[in-house]
Structures are given as structure tokens and as C-alpha cells.
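Each remark here refers to the structure printed beneath this line.
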Amino acid sequence: MGIEVNEELSDFYKQKNDEAKAKNGVTIALSDYSVKEPSVDNYENGLLEHAKDFSDTAIVVFGRAGGEGADMPMDMAAYEGGTEGRHYMELTENEEAMFDMVKENFEKVIVLINSSSPMELGFLENEKVDAAMWIGGPGSVGLQGVANALCGEVNPSGRLVDTYAYDATSSPAYMNIGDFTYIGTEHENGGMLGGVAPYKFMNYQEGIYVGYRYYETAAQDGYINYEETVQYPFGYGLSYTTFEQKMGELSADGDSISVDVTVTNTGKVPGKEVVQLYYTPPYTKGGIEKSHVVLAAFDKTDVLKPGESQTLTLSFMKEDMASYDYKDAKAYVLEKGDYAIKLMKNSHDVIDQRTYKVKETVVNRESDLVEATNQFDDVAGDITYVSRADWEGTMPKEKAKDQAPSKEVLKALQNTKVETDPDAEDIVFKKHGLTLKDVKGLPYDDPKWEQLLEQLSIKDMEQLIGMSGWQSVRIGSVGKPEVLDVDGPAGLNGLINGTKGNQYTSAVVVGSTWNTELPEAFGEALGDEAYANKVSGIYGPAMNIHRTPFSGRNFEYYSEDALLSGKMGAAMVRGCNEKNVYTYIKHFALNDQETNAIGGANWCNEQAMREIYLKPFELSVKEGESKAIMTTWSRIGATWAGASKPLLQNVLRDEWGFEGFVITDNAMMGDFQNADQAIAAGNDMMLSSTQKEITIDETAEGRQLMRKACHNILYVVANSNALEHARVGVPGWIYGYVAFDAVMLGLIALGFMGCTKKKRVKVKKEKC
């Protein structure tokens, strides 16, 4: 049995797609959220009859694009094929009509969902739909895997990384996504943005109740009807076989909790099974906000033959169940009480459970180098956050509205000042004859590093910090070669220099494997490609959260869940580390929509920041040992992320123990990306094709900070593959940056284009 393409239909769809592109115009970014499904009256001249003669089975693909710089439309009125009042994540009228035509004319109907964001899939419950499979973004070769799964040569074993609600607008976050303006704040943007525009903002009013944390908790408390609201839970997935999971007794050894789970294939074909472990913490109404269930650990079996069993040991740290109390304790708190440790099929369906008792409340975590405490009091803003204590009174009922900022917020938005200690001791400049090769492999605090750094001139430091877009310049005084960095969450993509590699599946597909061995192998393969192309750094993986289905960049992020995202990202980082390629985990932090991502103010309470939005980065640092990180264009509260010392120093370095360097996202976008502020906050490099203005070097403390930044950069470069393929001089393509700046604005503004089975596939004919 195999799959044969109906060339007549294929040519028809290609023609219609080309016609739509010509009509709409093609941008350099190839971004277009129009749904180009032809109307049913286009199926003429025997096209439908020929298709019926070709096969009794129809494979229908519904796809949705994504893109950098633009979120999914929440109203399709302005888009071809769209209708006013319908959003992008539901079927268009043309798609509905086509689907009705297919169901009426074909004996068997298979649906493929080619979307990295959750679509509304209620139509799959129609009895005439024989099977459905989610395929995400399959990449350059992934469709072969789809074909293998459809024909039964491979048994699907993936699980969803998002909650699929019947109504994509049903989460509390929906009311706070979009374009929101601070009234009366027009100002000069500067940079590539240019012109005069007001400041923008976004409220993370839902707090910790993102994805399944909202749906499962609200249902538990009786606020929503789960069966009517959620179609497919987070972690849902089917297989061509069946499995039985048996939970052993809990083992609490020291700081960790573990449990053995025995998985048996009870069906008739070989397959893999995902094992998911969640916890339910004790909750006191009006106390610390807590989700009803939280993913604690997961694992995946080997291929099990029918009747074969495998025992997996799942473990996690006790402190992982702590909640962050930003109001009272201002610390992580593991409250005393009973914690239900649950073996679950997905975030909703419980297989078995055990109880773990915490006898005394524990404040703070052992894994932090210094005790975590409030760093973002000013980021909470004047917002009423969603609370389990009062669902009805705290849930947003309508879209957020434009508003005037307070005097304090406006002042913070406008702030470009940097204060330095006038009595600081100045740095020393000396020649010691050292090069990067002499310090490669030495600890960060080895005295030779200080000697090497003394060889750097002011100009050296300015160039290394202030002009590091897609590369870092050659510094002759310390024998640092020119180093090449490229975009790479889904494969090497040298936007400027032309470096190209294999285009792998999107991050959301990698996440859906629930198998950390695969992203680690992905990282190793990417590292090998990087080495072959003389690339030392990769801009990725991206660690932001699927806050809603409407983020244009969800394809680049793993999941709605922080733990799954962090574990997958950490694994990819480890794989690249094995090949001495450093990865810029991004976008740090609160970059969960594209609209107003450039300079927009984000208001979020510290509990949600730490438990949801910072957690993937934390895991990538602590478990993946990431050596590079990229900040976001967005603001943390009113402070640009690249200028947030609480974020970049207090949390990242002091609490988590990060030893590496921090780079901005494209630092040519606007004047808010102040290099002096960035350096003072712990942001080491400006991603810029031209030299960013730096004046902080006019002070002794400023020169100290610049030397520290250079130390961070050089430490990572020295221990990467850079010295193995040292470049001489500056390649010509770097000089093309300046001319490219204007084009980059178009890219950002317009954006890039971006297995769940319902029933067993039955095919009578050879063609399917």
C-alpha cells in the first residue's frame, strides 16, 4: 500500500495558488494570511469526477501560516477568502463548502492539520471523517514521515503540545492580545522604525492561567464546562495500538521524587507510548495562585512489540512543585500539605495517582545560587489579575482598551539615562602577548583572563560590543577571529551571508514528540552543519510560550507549557554544545505576540513570569548549560528587556548561574535600544550591522562594565569551534549590512511564512 499523487488536482491547486499570489502581490517575506482555498465552482470540467475515479479516498489538508512580525488575524474581513466576524483559526466559507463537497463524494475522508497553532477542529467530529492527523510544520522532508504514518509503516506516537479548545478565543489571554496604545505619547522612534508613533502596551492579565492551566483549573472549580469547552487536551494523542500504564509506589529520596511506570503494549502492532506525570498542589482560596494540574515529568518508551513491556522511572525535584509567592513571602514557597502525584493520559484524564505529603512549608529553592526574591515589582502594573478565588470577578470580559499612561510609566518609557559611580577604579591597559588560544579551556575566573582583557583597547571593546550582527568582528589585539552567527531555530538560515542548511521540522513538531533524545540529536546534527559552514553561533532555539493560538511565531516555539518547552530547548542546546556551537536561546523574555513586540510595554506579575515565561530559559541554562541568550525587543514593564538589570544580572546570572554572554535582538530598530543602558544592565552585545553609539566608556565604571561584557563574549568564543576555522579580516558581505537595513524593516513588518489520529485509516484501493 502506498500513496499516489493526483497530478491533475496538484496542478489545479498550484495554478490557483499562483493566481492568488499574483493578485495579492508577493512580499520579500512571503507573508500572507489570506486563505487561498478556491470556491467549489472552480471544480469544473470533470475535475471532481476525475478525482473520484482516481481514488475513493480523499486527503484534505487544512493549513495555517505563521510569520515573524505579524500575528494571526482575529478578523478575516480584510483577507482574501475571509469573512467579517471569523478569525484565522477557524475554517473559511470556501473551506467549509469544499469539505462538504468532499464528504458527499468520497467514500473515505482523511484530514491533515498543517498548522503550528491550534485551530478550531470541531468539524473533525463529523461521522464522515474517517481519520485526522495533526502534522504541524513538517519541514523540507517531513511529509515522507506523514505518508509513512498514513500507510501504517510508522505508528504515530506524538502528543499535542497545546490545548485545542472548540473556541480559540475562549482563554482569558485572548482579551489582552492585539494592538493597544498609550494615548498621547507620540515620540520619535528613530532607527529602522523611524517616524513618530505612540508607545504601546500589553497586559498579561491571565497570570499563570495559560493553556491547560486555565482550562483544567477553571473546570475543576466549576467555572467552565470542560467537555463543552475543550476538544483535545494538552498531551492528547492516539496510536494504531493500545497501551496499559501501571504506576508503582512513590520514592522520595533526598530532594527528588520518583516513580516507576510500567508500560505494556496491549494491541496488535508495535508502537511507542508517552508517559506523563502531573501534580496537583494543595490550594487555599485567596492564597498563592495554583493550577489544578501541572506537568512534572515525562518520558517515552522504546518501540514495544505487542505484549512487550518497559518500565520507565520518572523523577523530578520536590522544589519543582513550589509556587512563586510575589505578594507575601516574595520567594518560592512549597506549602505544607498533600500533593497528588498523577499518572495521566493527558492534562485531563487520570490513570492513577499517589499522595506525597509535605510536612513543613519550605521557602526558597536549593537549585538557585542565591535566594530568589522579587525582582519585578514594577512590572506587575495596575492590573487585576485572574484569580481562582474569584473567577467571575477577575476574568476579563472584553478586549483591553487604549489608555493614557501614568506619569511614572511615561517617565520610565522615556528614560535613557545611565548613572555610573564617579569614584570607580579605572581599568588597566597592558600588553601581555596573550591570545584567545592561550585561555581556551581555562576557568572563567582564571587570572590569565584578566591579563588578556587588559590588551583590549577602547576601540576594540566598542567594536566587539557595538557591532555584532550575525557576526562578531576580528580583534587582532587578542587573536580573536571574525566569527559567524546565523539564524537557526529550524535549520541554518544565513539571512545576510547566504548560509543555508537543511530545513528541519518546526519547533512545535519537535515538541510534539515528547522525546528529549530527538531535539538533542537535532542539536548535534545542526552543530555538524554549523561546523561544515564555519558557523559558531546559532540564533535559537526560541523559548517563548504559546500564550494564545494567534501568535504569528508559535511555529518557532515549542509549547504552551513551560516544562515541556524548557526540557526540549535544553536538549537541543546540549546537542549543539557537544559540537562546540553556542546557541542563543531567545527571546528573553515576554515575547509572546508579534504585534507591538518592538518596544511594547508588557505588564505581568512575577509569579507568571517565573513559573511560565522565564521557566523555559531557566531550564535551558541550568540543564542545557546554554552559553548565549538573546533578549527581546519588548519591554519588561516599561524597561526594555535589553536594559533590565533585574532580568539579565539578578535572575539570569546571580540566581541561575549563567556563564555566557547576552545579545540583543536586531538593535537597529529604534532609539529605545540604548547601548549604554544595555551594557550597564548586563547585555553584552548589540546585534547591529553598524557601530552602535557607546558613550559609557567615558567613565571608569563604564569601562569596567565594557570589559566585563568582553570577558563574557570572549569566554564563549574561545571555547567554541571559532578558533578551529579562524577567519582572517572582515568578509565583504558584512559591508552589505548597511544597504540591507532598509530591507530588514520590510521583513520585520510583513513577517515570514511560516499525530493526532481520530479513527483508524481504512483504505480499500492502492491509492490513498
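Hey, among the residues in the range 6-56 that are of a type in the set (Val, Ile, Thr) and at pLDDT 90 or above, which one's nearest to the chain's Cα centre (by Cα)? Give the steps one after another, and end with the answer.
Pass one, the range 6-56, residues of a type in the set (Val, Ile, Thr): 26-28, 35, 40.
Remaining after also requiring at pLDDT 90 or above: 35, 40.
Numbers: Val35: 25, Val40: 37 Å.
Top of the filtered list is Val35.
Hey, can you tell me all the residues within the range 174-208 that are of a type outside the set (Phe, Trp, Tyr), outside any loop (DSSP other than H, G, I, E, B) and closer than 29 Å to His87 by Cβ? Steps first, please.
As a first pass, look at the range 174-208 and keep what is of a type outside the set (Phe, Trp, Tyr): 175-179, 181, 183-198, 200, 202-203, 205-208.
Within this subset, residues satisfying the condition of being outside any loop (DSSP other than H, G, I, E, B) are 175-176, 181, 187-188, 196-197, 200, 202-203.
Within the range 174-208, Met175, Asn176, Thr181, Ala197, Lys200, Met202, Asn203 meet the criteria.
If we scan the range 487-510, do we find a residue that is β-branched (Val, Ile, Thr), outside any loop (DSSP other than H, G, I, E, B) and more than 30 Å from Ala562 (Cβ to Cβ)? Give the derivation first.
Let us first name the residues in the range 487-510 that are β-branched (Val, Ile, Thr), namely 496, 499, 505, 508-510.
Subset that is outside any loop (DSSP other than H, G, I, E, B): 508-510.
Those left that are additionally more than 30 Å from Ala562 (Cβ to Cβ): none.
No, that holds for no residue.
Can you name the residue in the range 116-145 that is at pLDDT 95 or above and assigned to a helix (DSSP H, G or I) and is also farthest from the chain's Cα centre (by Cα) among such residues?
Step by step, filter the range 116-145, then rank; the result is Glu125.
Are any residues in the range 669-687 of a type in the set (Gly, Ala, Ser) and either under 13 Å from Val418 (Cβ atoms) or at pLDDT 95 or above (or both), and if so, which ones? Spell out the reasoning first.
Initial filter on the range 669-687 (of a type in the set (Gly, Ala, Ser)): 670, 675, 678, 680-682.
Residues satisfying the conditions are Ala675, Ala678, Ala680, Ala681, Gly682.
For Lys268, are the conditions met, namely being over 18 Å from Met395 (Cβ atoms) and either buried (at least 18 other Cβ atoms within 10 Å of the Cβ) or more than 25 Å from the chain's Cα centre (by Cα) (or both)? Give the derivation first.
Details: over 18 Å from Met395 (Cβ atoms): yes; either buried (at least 18 other Cβ atoms within 10 Å of the Cβ) or more than 25 Å from the chain's Cα centre (by Cα) (or both): yes.
Yes; evaluated as a whole, the condition is true for this residue.
Specify which of the listed residues (Val40, Val102) is crowded, with 17+ Cβ neighbours inside 10 Å, of a type outside the set (Phe, Trp, Tyr) and not assigned by TED's automatic domain parsing to the domain that holds Gly552.
Numbers: Val40 fails: crowded, with 17+ Cβ neighbours inside 10 Å.
Step by step, each of Val40, Val102 is checked, and only Val102 is crowded, with 17+ Cβ neighbours inside 10 Å, of a type outside the set (Phe, Trp, Tyr) and not assigned by TED's automatic domain parsing to the domain that holds Gly552.
Looking only at residues that are among the hydrophobic types (A, V, I, L, M, F, W, C) and within 22 Å of Ser565 (Cβ to Cβ) in the range 116-163, which one is surrounded by the fewest Cβ atoms within 10 Å (Cβ to Cβ)? Before the answer, list the steps.
So in the range 116-163, the residues among the hydrophobic types (A, V, I, L, M, F, W, C) come out as 119, 121, 123-124, 129, 131-135, 141, 143, 146-147, 149-151, 154, 160-161.
In the following step, the residues that additionally are within 22 Å of Ser565 (Cβ to Cβ) were identified as 119, 134-135, 160-161.
On the way: Met119: 21, Trp134: 28, Ile135: 25, Leu160: 26, Val161: 30.
Per the stated criteria, the residue is Met119.
Does Gly466 meet the test of being surrounded by 18 or more Cβ atoms within 10 Å (Cβ to Cβ) and not aromatic (Phe, Trp, Tyr)? Give the derivation first.
Values: surrounded by 18 or more Cβ atoms within 10 Å (Cβ to Cβ): yes; not aromatic (Phe, Trp, Tyr): yes.
It is true that Gly466 is surrounded by 18 or more Cβ atoms within 10 Å (Cβ to Cβ) and not aromatic (Phe, Trp, Tyr).
Pairs, please: C-beta under 7 Å, at least 6 apart or cross-chain, first residue over 19 Å from Val473 (Cα atoms) and in the range 433-451, second among the hydroxyl-bearing types (Ser, Thr, Tyr)?
From residues that are over 19 Å from Val473 (Cα atoms), the pairs are Tyr444/Tyr715.
Give the residue, chosen from Thr420, Thr435, Thr416, that is outside the structural domain of Ala709 (by TED's automatic domain parsing) and of a type in the set (S, T, N, Q).
On the way: Thr420 fails: outside the structural domain of Ala709 (by TED's automatic domain parsing); Thr416 fails: outside the structural domain of Ala709 (by TED's automatic domain parsing).
Checking each option against the conditions leaves just Thr435.
Do any helices (runs of 4 or more DSSP H) lying entirely in the range 605-719 carry at least 3 residues that are hydroxyl-bearing (Ser, Thr, Tyr) and surrounded by fewer than 22 Cβ atoms within 10 Å (Cβ to Cβ), and which ones are they?
Details: elements: 615-622, 675-681, 700-718.
Fully inside the range 605-719 and qualifying: nothing.
Return a yes/no flag: does the range 528-536 have any residue that is of a type in the set (Val, Ile, Thr) and either closer than 29 Å to Ala608 by Cβ or in contact with a Pro (Cβ under 9 Å, 6 or more places away or on another chain) (or both). Let's see the steps before the verdict.
First, the residues of the range 528-536 that are of a type in the set (Val, Ile, Thr): 535.
Restricting the remaining residues to those that are either closer than 29 Å to Ala608 by Cβ or in contact with a Pro (Cβ under 9 Å, 6 or more places away or on another chain) (or both) gives none.
For the range 528-536, residues of a type in the set (Val, Ile, Thr) and either closer than 29 Å to Ala608 by Cβ or in contact with a Pro (Cβ under 9 Å, 6 or more places away or on another chain) (or both): absent.
Specify which of the listed residues (Ile598, Ile538, Ile585) is part of a loop (DSSP other than H, G, I, E, B) and either over 21 Å from Val275 (Cα atoms) or in contact with an Asp or Glu (Cβ under 7 Å, 6 or more places away or on another chain) (or both). Break it down stepwise before answering.
Working: Ile538 fails: part of a loop (DSSP other than H, G, I, E, B); Ile585 fails: part of a loop (DSSP other than H, G, I, E, B).
Selected residue: Ile598, the only one of Ile598, Ile538, Ile585 that is part of a loop (DSSP other than H, G, I, E, B) and either over 21 Å from Val275 (Cα atoms) or in contact with an Asp or Glu (Cβ under 7 Å, 6 or more places away or on another chain) (or both).
Quick one: Gly566 ticks every box in (1) in contact with a Cys (Cβ under 8 Å, 6 or more places away or on another chain); (2) assigned to a helix (DSSP H, G or I); (3) not hydrophobic (A, V, I, L, M, F, W, C) bar one, so which box is it?
(1)
Note down all Cβ pairs under 6 Å where the first residue falls in the range 516-541 and is not assigned by TED's automatic domain parsing to the domain that holds Ile585, the second is among the hydrophobic types (A, V, I, L, M, F, W, C) and surrounded by fewer than 17 Cβ atoms within 10 Å (Cβ to Cβ), and they're at least six residues apart or on different chains.
Within 6 Å, no pair qualifies.
Hey, any hits in the range 335-343 for a residue that's out of contact with any strand residue (DSSP E or B) (no Cβ under 6 Å at 6 or more places or on another chain) and under 18 Å from Ile208 (Cβ atoms)?
Yes, because at least one residue in the range 335-343 is out of contact with any strand residue (DSSP E or B) (no Cβ under 6 Å at 6 or more places or on another chain) and under 18 Å from Ile208 (Cβ atoms).
Is it fair to say Lys430 is assigned to a helix (DSSP H, G or I), outside the structural domain of Leu648 (by TED's automatic domain parsing) and farther than 29 Å from Lys327 by Cβ?
Criteria not met by Lys430.
Checking Tyr88 against (1) surrounded by 17 or more Cβ atoms within 10 Å (Cβ to Cβ); (2) in contact with a helix residue (DSSP H, G or I) (Cβ under 7 Å, 6 or more places away or on another chain); (3) among the hydroxyl-bearing types (Ser, Thr, Tyr): exactly one of these is not met. Which one?
(2)
Mind checking whether some residue in the range 54-64 is part of a helix (DSSP H, G or I) and surrounded by fewer than 20 Cβ atoms within 10 Å (Cβ to Cβ)?
If we filter the range 54-64 for residues that are part of a helix (DSSP H, G or I), which is where we start, we get 54.
Within this subset, residues satisfying the condition of being surrounded by fewer than 20 Cβ atoms within 10 Å (Cβ to Cβ) are 54.
For the range 54-64, residues part of a helix (DSSP H, G or I) and surrounded by fewer than 20 Cβ atoms within 10 Å (Cβ to Cβ): present.
Can you tell me how many residues in the range 252-310 are within 22 Å of Gly566 (Cβ to Cβ), in a strand (DSSP E or B) and of a type outside the set (Asp, Glu)?
Here the count works out to 18.
Restricting the range 184-203 to residues that are touching an Asp or Glu at 6+ places or on another chain (Cβ under 8 Å) and not hydrophobic (A, V, I, L, M, F, W, C), which is surrounded by the fewest Cβ atoms within 10 Å (Cβ to Cβ)? Reasoning before the result, please.
Just the residues of the range 184-203 that are touching an Asp or Glu at 6+ places or on another chain (Cβ under 8 Å), to begin with: 188-192, 195-198, 200.
Filter once more, so that each one left must be not hydrophobic (A, V, I, L, M, F, W, C): 188-191, 195, 198, 200.
On the way: Glu188: 12, Asn189: 17, Gly190: 14, Gly191: 19, Gly195: 8, Pro198: 14, Lys200: 22.
Applying the filter and picking the extreme gives Gly195.
The values are calculated or read from the model by the stated rules, or taken from the named source; none is laboratory data. All values reported here derive from a predicted model rather than from experimental measurement. When we count neighbours, we look across all protein chains shown, and the Cβ atoms used for this are built from the backbone with ideal geometry, even at glycine.
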